[in-house]
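Below: one structure, written as structure tokens.
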Amino acid sequence: MTEHPTTAPAPKKGGGGRFFVGLVGVTLVVTYLIWTGVTETMVYYLTPTELMARVQEDPTFREMGVKVSGQLVKGSWQRIGPNHHRFEITDLEDPQSVVTIEYADGLPDTFNDQADVEVVAEGRLRDDGVFEATLVLTKCGSRYEAAPEDLAG
Amino acid sequence: MTLLGEIALWVALPVALWGTVLSFVGGRQDRGDLVLSGERAVHAVFALLLVVSAGIIAAFLGDRFEYWYVASYSNRDLDTYYKISGLWAGQRGSLVFWALLLSLFSSITVFGNRFKNREFMPYVTGTLLAISSFFLIVLLFANVNPFERLDFLPADGQGLNPQLQNYWMTIHPPTLYLGFTAFTVPFAFAISALLTGRLDARWLVLTRRWILLSWFFLTNGIVFGMRWAYEELGWGGYWFWDPVENASLLPWLTATAFLHSIQIQENRGMLKVWNMGLVTLTFLLTVFATFLTRSGLIESVHTFAQELTIAVIFLTFMGLLTIICTVLIVWRWPLLKTENQIQSFVSRESAFLFNNLIFLGAAFTVLWGTLLPLITEGLMGEKIAVGPPFFNRVNIPIGLALLALMGIGPVIAWRRASTRNLRKNFLFPMLFGIGVFAAFAVAGSRQWMALTTFGLSAFVLAIVFVEFWKGTRARARIEGEGAARAFYHLVARNRRRWGGYIVHVGVVMIFTAFAGEAFDDEITQTVNPGDQILISSPFGHDYTLEYQGVSTTLRTGNMAWQAMAFLTVSKNGRPVGTMTSEKRMYFTWEAPVTEVGILSSPLEDLYVIFEDAEDLAGAVQNEAGSQQVTLEVQVNPLVGWIWYGGLIMTIGSLIAIWPSRGSIPATSVAHVEPEPAAAAV
């Protein structure tokens, strides 16, 4: 913080305009980036019920990359090869709706089929009805929080 | 103690509310006695919140599992260290901790200004107390009371998730919270400036150090979180564009923009409305982040009814603040008129303006991407999500533009840069940057984004280096000092400027580390003892990791067992050491936890993840036939530069924040500067 630059007689017109030119320019570029980014990388985020309904309606929907989220079915996890897993998830609101998922990568530590775990799997539905995941994440209600109500039992 | 804490929480709210009313009325009617009572309320609230916090910690230390919060985050065997940090382990305690830090900063502000800046203080005090009141209301009435009791007494608590039992995780949340709460002080001064009509740069000068302090904590908090994710989450990355991470990045982006735009207001009397908007936006985003980091809003709106209460309260508060601030700014519009105009796009004002617009653009893309599932569900009835590919794709060009501006901004002339100014300051750094880019391209690399980052980084470093060199040389010549002494005095005489440059060097290192990610290599392999995993580094050497088997220790510390996959590592055939990655079973946690192995060197990390074991139970029993495991090995080039860069940013911001001994006469600084145009920072 030294001296202030001496205030030159500023041209009254055009200067404020430059501010808005910059504003509009940056806004346009950012909008373009967001638009192309969203259209090219977006995935549908569905529940098992919604996923089944969409595929029923339009079989080509299988080609779409989707995220499907639901409750991990207790005791459903099995190993089908080294680092290759299969498990089931159900709809939180409709336990009848089940999706079988296969995943050939390391599962997160919070993945535990003996506890109440919500799973988000990204990937696509194969023709045989199995969802092949490229990424599996778990979500805990409040991150990493357990419900002490369970202690009562 | 705990009961006392609970009582203190109930007492704190009326005190804070009463203090708020007294301060605003006192300010309005110019009643010194009321103002003084309001200020006493600030100290009282701080004292009460200390008691509340002590009560929670006492409950943790005393294993009082009748409290929901303690039962959820602790158990008898937990280390004392983690019991104390239980205060901020979950949402409820975090809210108390937030209120505690805010009241601490409020007390410091009120005490530090007890004899000066009195024209601002009534409304500053009132605003600070009003925000404290809000957090106390949330704590007491939004189903998040930390003293809520269970209707039974559990024998033991749930224990703390082992992934949170990590050094970085104990300091990451409090550091972020220090950053969030410290920003409340500049916000309170802004509100006071609007209410009193003292809308020159005075409020900025008074809060400059608070802004820097907040920024310092936010930066460190984010870097600590990255370190934790890298060490503990076990996928080899440090940033996943998770809503919680994004929430902490948002205020950092707008605070960084603000830090730059206030220099334009101080020097040129421009961007006054803009700065009011930025300070409000940043404060709102700190509140948003506080709320989001400890709730599951984005991830699961429909599952948690109790989250909904708190969501409604927070959103109402944020909406109310937005309305109040907008009304105040519109009301004071005539006083916020700009004193100057931008005369040319080739000027420092313009560089800073673009810096601001782009930072805001980045914040908007992050916010948009984070909230997209909520927005699309609301508008179209179905959730559409974007992940890391979206954020990387959008933010890489934005980051590169900011990197370029980081070189241009500090040395381009004010008002209108002459061709001479441009040639003198930019010719050498530009050639240097192009040279670095070309050197990598000639060497055969085709990662254009990464090469552009390296080239721009070289450009910025050259500019900073030349500035330091010119400044030191000029000072050495004029004052007849030795180089080291001249350098020291140069920095000491204008710490905000030179500290800022040092921060820029840290940022360059971090950008370089991000670009290094383009050269990551990884391999996943299922191995038996004696098998080798081969992986090559982009720096030209090869690693051979030979798997030796799993070695298990039973009943060790708070673990039921600890199974270590053991590897010997050689680099180009020469042994360099051993690595282990583990599966651990804690007594208090139902599933095994993975610990990665990291072999760090200044240029790259070798990173091993124990992904899976065919027969983990057998491996735990050390059975010879059950040693087959799946391991993922990664070479992460330059990842360490994030931590080094973070450290340099810390040093730079500390230099800028450190209180000066008395004020420095302007002339003594001006005459050592190499060029008049650059002197007016």
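The values are calculated or read from the model by the stated rules, or taken from the named source; none is laboratory data. The model shown is predicted, which means the values in this text are computed figures rather than measured ones. Note that we place each Cβ from the backbone using ideal geometry, even for glycine, and neighbour counts take in every protein chain shown.
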Restricting to region B:326-343, count the residues that are at the interface with another protein chain (Cβ under 10 Å from one of its Cβ atoms) and surrounded by 15 or more Cβ atoms within 10 Å (Cβ to Cβ). 5
Only unsatisfied item for B:VAL620, checking (1) touching a strand residue (DSSP E or B) at 6+ places or on another chain (Cβ under 9 Å); (2) within 14 Å of another protein chain (Cβ to nearest Cβ), is (2)
Test result for B:VAL464, more than 12 Å from chain A (Cβ to nearest Cβ), buried (at least 20 other Cβ atoms within 10 Å of the Cβ) and farther than 23 Å from B:SER344 by Cβ: yes
Single match in B:TRP561, B:TRP589 (criterion: under 38 Å from the mean Cα position of the chain (by Cα), more than 30 Å from B:ARG446 (Cα to Cα) and in a loop (DSSP other than H, G, I, E, B)): B:TRP589
State all residues of region B:355-383 that are surrounded by 17 or more Cβ atoms within 10 Å (Cβ to Cβ) and more than 24 Å from the chain's Cα centre (by Cα); if no residue qualifies, say none. B:PRO373, B:THR376, B:LYS383
Every residue from region B:364-389 that is within 10 Å of chain A (Cβ to nearest Cβ), in contact (Cβ under 8 Å) with a residue 24 or more places away in the chain and either assigned to a loop (DSSP other than H, G, I, E, B) or in contact with a Leu (Cβ under 8 Å, 6 or more places away or on another chain) (or both): B:THR365, B:GLY387
Within region B:501-534, which residues are over 30 Å from B:PRO389 (Cα atoms), within 12 Å of chain A (Cβ to nearest Cβ) and buried (at least 19 other Cβ atoms within 10 Å of the Cβ)? B:VAL527
Among the residues of region A:104-124, are any under 26 Å from A:THR41 (Cα atoms), modelled with pLDDT of 90 or more and either aromatic (Phe, Trp, Tyr) or over 18 Å from the mean Cα position of the chain (by Cα) (or both)? yes
Based on what the data block shows, is B:ASP63 among the acidic types (Asp, Glu) and without any contact (Cβ under 8 Å) to a residue 12 or more places away in the chain? no
Selection count, region B:26-43, where residues are within 16 Å of B:LEU195 (Cα to Cα) and surrounded by fewer than 14 Cβ atoms within 10 Å (Cβ to Cβ): 3
Go through B:ARG209, B:ARG202 for me and flag whichever is away from chain A (no Cβ under 13 Å) and surrounded by fewer than 20 Cβ atoms within 10 Å (Cβ to Cβ). B:ARG202
Here are some residues: B:LEU402, B:LEU422. Which one is surrounded by 15 or more Cβ atoms within 10 Å (Cβ to Cβ), closer than 28 Å to B:GLN341 by Cα, among the aliphatic types (A, V, I, L, M) and within 14 Å of another protein chain (Cβ to nearest Cβ)? B:LEU402
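For every residue, the table says whether it meets (1) at positive phi; (2) among the hydrophobic types (A, V, I, L, M, F, W, C); (3) in a helix (DSSP H, G or I).
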| residue | (1), (2), (3) |
| --- | --- |
| B:ARG423 | no, no, yes |
| B:PHE426 | no, yes, yes |
| B:MET430 | no, yes, yes |
| B:GLY435 | no, no, yes |
| B:GLY444 | yes, no, no |
| B:LEU451 | no, yes, yes |
| B:PHE459 | no, yes, yes |
Count - residues of region A:28-80 that are of a type in the set (Ser, Thr, Tyr), within 11 Å of another protein chain (Cβ to nearest Cβ) and touching an Asp or Glu at 6+ places or on another chain (Cβ under 6 Å): 1
Residue check for A:VAL43: of a type in the set (Val, Ile, Thr) and in contact with a helix residue (DSSP H, G or I) (Cβ under 8 Å, 6 or more places away or on another chain): no
Of the conditions (1) part of a helix (DSSP H, G or I); (2) over 30 Å from B:MET121 (Cβ atoms); (3) hydrophobic (A, V, I, L, M, F, W, C); (4) over 27 Å from the mean Cα position of the chain (by Cα), B:LEU17 satisfies every one except a single condition; which number is it? (2)
